[in-house]
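Written below as structure tokens is the structure these notes are about.
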Amino acid sequence: MRRGHFSPDDLPAWCALNDVAFVDVKVADISGRGYGLIAERDLPGNEDENVELPALLTVPKDLVLSAEGVEEYAKENKDFRQLLDIAGHKSTRGDILLFLMVQLVLSSPDYDGGLGPSTPWTQYFSLLPSQVPSPTMWTEPELSLLNGTSLESAVSAKLTMLTKEFDDLRAKVADLPYWNELLSIDRSVTIQDWIRLDALYRSRSLGLPKSGESMVPCLDLVNHSSQATAYFDENSKGDVVLYLRDLCAVSCGGEITIDYGKEKSPAEMLFSYGFVDTDTTARSLVLPLEPLDDDPLATAKLHVFGTQPKLELVEDENGIPNWSAPFAYLMCLNEEDGLQFRVLQETDGSRHLKMFWQDADVTDAPNTIKELIQDHELYQIFELRVITIVLNIIEQQLQELSEGRDGAKAPGSVKEEIWQAVSHLKSLERSVLDRCYQVLKEQVSLTLAAILDIQISLEIELNNSLSFLPCSAGHGRSTSHGYDTYLLVTTIPQMAQLLEHDTVVEYLRSDQNDITAEAANEEEDFS
């Protein structure tokens, strides 16, 4: 849909009309960074923490686009209320996207009435960029640069989810003539519009201490820095305010910055904002973790786990790598070890799939399996299975990164800033993967040594359990991850027998929730 026009030169008049107050700062076009906030005079740092300096920016509460703000608009606009009731109320993000879609229509020169009066956001929406640097809006050549990174699957899953969302939206508004015409008949609002609205939300929303996830006009123009000079808050009236940080002086013409999130990984920064902070100390990545293809209990394990399994790799402030993969411990357990699934039927007729470890119900603690099995006499063997799986995922990821090494880019096919951002991301992720790989190799050696000290029948237990280690060339079975399948050969019949139990099979087949699809719809799951 064609966009409305709102010049940045008109922003001061809009701010005056809507009681947005700037004090000693103004919006300016900053070279290489787009629009931002700069000081109009020298701003001395506050050296007395007991003295509160005046706010640099104040945005009234009624302009804040939050869950509460969306609901207030729905009270004033019956057409939006119909849209919200039929397609919203699932998440703050979803409701805000519906609000932004209305503003897209209201602000368009093609709008011919029928949606009620405009709002302050209608005009401000036209100031927002038509192109957002988020990867979901990149071209195919630009997306191909992500091959081998943790963002490759994340962006693909996000685009799939956005397409499904838009298709669902079109189906739900079929009985609302105005929206059905816009989305399905004339197709004035397209999937590209929906992708842009999502990118605007992800790149401009922020977490307010009282209002939660919100979009705030004018504050969303303030750029990021890991050495931020300002911070935002909400005052007693609910207005959003921007303050200069203590001891942070800004000279006249200097840029005012905020921190978008020190805890965010380079991949998350690129995913949400379209850039990687080269000064960040955060070094981490998240990789998808899928059950073993040959595991008969895979569906039951995913059902009880409830969310998309992940492998998280993080370097702490001292550069020491750590990893976390709770689902990997479920992957490596089976009925012979003491893991069981049963269907519990309540007195009201409802049924629930339950997970048991050593006959204890652990359905509500799938993320704590590691802690639950630590006292088991075979814990070291379980740990070896998990480490081996994680080690091979990392090895596969390193191989994919190596295969996707930067080559000579075709002139004009990729924006330079995107090229630089992805190159930096690959360098950071390769470093984290390399460090974790070395640590895990050491853990394998230590765990094997510990196993040799276990007073059990090594001939039986090790022969069975170490089949989890990579098979020799020509004997491994490849999974979707490209790493070898690890199964306890002697326990496959027992696992198959469990799933032959009629109640478990019937329950899993009748369950309508696609775990993988649900995980792709998790919001800020960043990946």
How many times 2.2 N^0.38 Å is the alpha carbon radius of gyration of segment 137-253?
1.46
Would you please put 97-110, 439-452 in order of how densely packed they are, using the mean number of other Cβ atoms within 10 angstrom per residue and starting with the highest?
97-110, 439-452
Going by average Cβ density within 10 Å per residue, which order do the peptides 362-370, 49-57 take, highest to lowest?
362-370, 49-57
Segment 141-189 - Rg and Dmax from Cα coordinates, angstrom:
15.3, 45
Quick check: at a probe of 1.4 Å, how many percent of the accessible area of segment 218-301 sits on carbon and sulfur atoms?
46
Just check segment 1-45 against the gyration tensor rule for me: Cα atoms, a ≥ b ≥ c as the square roots of the eigenvalues, rounded for a/c under 1.5, and otherwise prolate or oblate depending on whether a/b exceeds b/c.
oblate
Yeah, segment 179-309 with a ≥ b ≥ c from its alpha-carbon gyration tensor (a/c under 1.5 is rounded, else prolate when a/b outruns b/c, oblate otherwise) is oblate
What is the local net charge at TYR273, summed over the other residues whose Cβ is closer than 11 Å to its Cβ (Lys, Arg +1; Asp, Glu -1)?
+1
Relative contact order for segment 103-180 using alpha-carbon pairs under 8 Å, separation at least 6, rounded to a whole percent?
20
Quick check: from the Cα gyration tensor, does segment 3-156 come out rounded (a/c under 1.5), prolate or oblate?
oblate
In this structure, among LYS264/LYS426; LYS26/LYS262; LYS310/LYS370; LYS210/LYS237; LYS90/LYS354; LYS301/LYS354, pairs with alpha-carbon gaps over 18 Å are LYS26/LYS262; LYS90/LYS354
Sorted peptide list for 350-358, 296-304, criterion being average Cβ within 10 angstrom, highest first
296-304, 350-358
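The values are calculated or read from the model by the stated rules, or taken from the named source; none is laboratory data. Values in this document were obtained by computation on a predicted structure and should not be read as measured data. All Cβ positions, glycine included, derive from the backbone under ideal geometry; neighbour counts span all protein chains shown. Surface accessibility is based on the protein's heavy atoms, side chains included, excluding ligands, DNA and RNA. Shrake-Rupley method; radii C 1.70, N 1.55, O 1.52, S 1.80 Å.
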